[in-house]
Amino acid sequence: MKVELEADKCVASGQCVLAAMDVFDQDDDGIAILLDDQPAPELLDDVKEAIAVCPAAAIRLVEK
């Protein structure tokens, strides 16, 4: 699976970082940054949580 982030949709809530800090960060304006688009399998649950809590629906998982 591959993580995709549509940064232009991001509303800088920071929920993705709280849910999956090894996969997401924020820039100086609070906009999400994808640190790893193919995270380790043990981080998949964290990524799914980030997807669920993102208020802008800016994150998704896609098949590679």
Problem set entry | Tally, over segment 1-20, of residues that are among the aliphatic types (A, V, I, L, M), touching an Asp or Glu at 6+ places or on another chain (Cβ under 8 Å) and either open to solvent by 50 Å² or more (accessible area, probe 1.4 Å) or on the phi > 0 side of the Ramachandran plot (or both) | 2
For this session: Would you check which residues across segment 21-64 are of a type in the set (Val, Ile, Thr), crowded, with 18+ Cβ neighbours inside 10 Å and touching an Asp or Glu at 6+ places or on another chain (Cβ under 8 Å) and list them?
Result: 23, 59
Problem set entry | Residues satisfying the stated conditions in segment 21-64, i.e. on the phi > 0 side of the Ramachandran plot and of a type in the set (A, V, I, L, M, F, W, C) | 57
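The values are calculated or read from the model by the stated rules, or taken from the named source; none is laboratory data. From a predicted model like this one, the values you see are computed outputs, not experimental measurements. Backbone-built Cβ (ideal geometry, glycine too); neighbour counts: all protein chains shown. When the accessible area is computed, the model is the full protein with side chains, heavy atoms only, and any ligands, DNA or RNA have been set aside. Shrake-Rupley method; radii C 1.70, N 1.55, O 1.52, S 1.80 Å.
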